[in-house]
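Notes for the one structure printed next.
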Amino acid sequence: MEPMVLMALLIVGAGVLLALGRLAAGPTAPDRVVAADTIAVITTAAIVLLAAAFDSPLYLDVALVYGVLAFVGVVAIARAIEGGP
Amino acid sequence: MTDRTKSQVVVFAAALLLWLLLTASLAWQELLVGTVVALTVALATRDPGGFFAALRFEPLAPFHALRFLGTFLVALVRANLDMARRVLTPALPIRPSVVKVRTGLESELGRLLLANSITLTPGTLAVDMEGGELLIHWVDCPPGTDMEDATRDIAAGFERHLAGFVR
Amino acid sequence: MAFLGKVLMLVGALFCLLGALGLVRMPDVYNRIQAGTKAVTMGSLCIIAGVGLLHPDWWPKLVAVALFILLTNPVGSSAIARALYRSGVRPWRKAGEEES
């Protein structure tokens with residue numbers, strides 16, 4: 001693995017850990033939703049980085065599907081908070 | 001061309017483009033299947049109001065769209081440098097407030113694009129939309145801002161370019 | 001070209017980290033959404049552009065991922081913000097400022 005890609009992955013990992021801290025700390029449910037949304041997007045980027053690290057474009061499809069599912073989840077939770085249909 | 005047909009043409013083009021990006025090939029078999037799939041998607045889309053019909057099919061429209069994209073990318077980079085500065089400053093220099101902004105865009109698509117751009121540009125987040133008014137959370141709101149100031153500072157730049165290619 | 005790609009990747013990773021830092025530091029949920037959305041969107045786009053420079057033959061799929069992030073991320077944030085606003089959460093103000 002190239003050192004710069006590894007370094008980028010480490011930085012992104014630190015970001016996910018920080019966001020996980022917010023996810024654990026809350027204090028309210030919406031804070032956790034925002035943290036989860038952020039983690040999902042950072043993870044999508046991290047999967048793209050993994051594709052570069054392992055030199056395999058298959059991971060790009062994983063990233064795309066992961067992004068789609070995360071977005072649908074966030075909108076569903078937002079709707080639930082709003083109390084609408 | 002009715003609004004519904006126009007919208008379907010746009011959906012067809014977008015679906016075909018996504019297909020081409022995902023398969024990354026121009027072999028005739030892929031193109032054939034892609035066309036069939038995109039056509040199915042376009043015909044199956046239930047969109048009586050014609051969501052995408054707000055796009056203007058005019059010769060100058062692509063030019064305006066490119067200009068919009070340019071403005072948007074510059075604003076995105078500025079937004080991030082701005083946000084980075086705020087987050088890294090120990091005193092956390094923010095003056096958050098909620099302001100209203102009026103938009104002249106009539107279509108849902110135009111308003112969606114405007115709200116998206118506002119969310120991704122310096123210090124502003126589109127919160128809600130009612131009629132022609134957008135509710136915006138502004139991280140650094142100068143004291144005593146009214147609707148005209150906010151409209152000019154936040155929305156006017158994008159709206160000028162957007163109006164060139166959507167209603 | 002490959003070097004520029006790697007630099008872009010690092011810059012993108014740093015922006016992702018900054019977004020997460022903003023998420024931790026900001027005082028209320030609206031500001032957290034702002035920090036989270038903007039920095040992370042830009043960070044992801046930089047990373048994707050960097051990978052695109054390292055592997056030029058992957059660009060169609062990378063463009064699809066980038067377009068998707070660019071279109072959905074602000075929509076998701078606005079959806080959360082609207083839900084919050086409608087359920088009655090008001091933005092935080094600095095101590096000493098009156099409600100306007």
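Computed from the coordinates by the stated procedures, all read-outs in this text should not be read as laboratory data. Keep in mind the model is a prediction, meaning the values are calculated, not measured. Heads up, the Cβs are rebuilt from the backbone with ideal geometry, glycines too, and the neighbour counts pull from every protein chain shown.
Straight-line reach from C:Lys61: which aspartates and glutamates have Cα under 13 Å away, leaving out those fewer than 8 places along the same chain?
Within the straight-line limit of under 13 Å, C:Lys61 reaches these aspartates and glutamates: A:Asp61.
When the helix-only estimate is applied to chain B (DSSP H runs of n ≥ 4, each -39,500 (n - 2.57), divided by the residue count), what is the mean residue ellipticity at 222 nm, nearest 500 deg cm²/dmol?
-17500 deg cm²/dmol
What ranking do B:54-60, B:107-113 get when scored by the average of other Cβ atoms within 10 Å per residue, highest first?
My ranking of the peptides, most packed first, is B:107-113, B:54-60.
Just to confirm my numbers, what's the Cα centroid distance between segment B:27-42 and segment B:104-136 in Å?
Here the two parts' Cα centres lie 34 Å apart.
Counting only helical runs of four or more DSSP H residues, what would the 222 nm mean residue ellipticity of chain C come to if each run contributes -39,500 (n - 2.57) and the total is spread over all its residues?
-28000 deg cm²/dmol
I'm a student and want to see the number: the projected area of the Cα convex hull of chain A, averaged over all directions, in nm².
Reported value for the Cα convex hull: 5.8 nm².
Give me a single rounded figure for B:68-78: the average over its residues of other chain Cβ atoms within 10 Å of their Cβ.
Per residue, the average neighbour count from other chains is 1.
Roughly how crowded by other chains is peptide A:11-24, in terms of the mean Cβ count from those chains within 10 Å of each of its Cβ atoms?
The shielding value for this peptide is 6.
Below 8 Å, C-alpha to C-alpha, sequence gap of six or more: please give me the relative contact order for chain C in percent.
Relative CO of chain C lands at 32 percent.
Across 10 Å bins from 0, what is the distribution of all Cα-Cα pair distances for chain C, in whole percents?
16, 35, 27, 14, 6, 1
Over chain B, what is the percentage of antiparallel beta bridges among all DSSP beta bridges, to the nearest 5?
Counting only bridges with both partners in chain B, antiparallel ones make up about 95 percent.
Hey, got the dipole for chain C? About the Cα centre, +1 on K and R Cβ, -1 on D and E Cβ, debye to the nearest 20?
Around 100 debye, computed over chain C.
At a threshold of 8 angstrom on Cα-Cα distance, excluding pairs fewer than six apart, so keeping six or more, what relative contact order does chain A reach in percent?
Computed value for chain A: 28 percent relative contact order.
Report, ordered by chain and residue number, the aspartates and glutamates lying within cross-link reach of C:Lys6, taken as a straight Cα distance under 20 Å and ignoring same-chain residues fewer than 8 apart.
A:Glu2, A:Asp55, C:Asp57
Would you kindly compute the Cα radius of gyration of segment B:43-84 and its largest Cα-Cα separation (Dmax), both in Å?
When restricted to Cα atoms, segment B:43-84 yields Rg and Dmax of 16.0, 45 Å.
Kirkwood Rh, segment B:27-99, all Cα pairs: how many Å?
After inverting the pairwise mean of 1/r, the radius is 17.4 Å.
Just need the relative contact order of chain B here, percent rounded to a whole number, with Cα pairs under 8 Å and 6+ apart.
This gives 27 percent for chain B.
What is the diffusion coefficient of chain B in µm²/s, taking the Kirkwood radius over Cα pairs and the Stokes-Einstein relation at 4 °C with a viscosity of 1.567 mPa s?
71 µm²/s
Send over the Kirkwood Rh of the protein assembly as shown, from the inverse of the averaged 1/r over different Cα pairs, rounded to one decimal Å.
21.1 Å
How shielded is B:21-32 by partner chains, expressed as the average number of their Cβ atoms within 10 Å of its Cβ atoms?
Taking all residues of B:21-32 together, the mean is 2.
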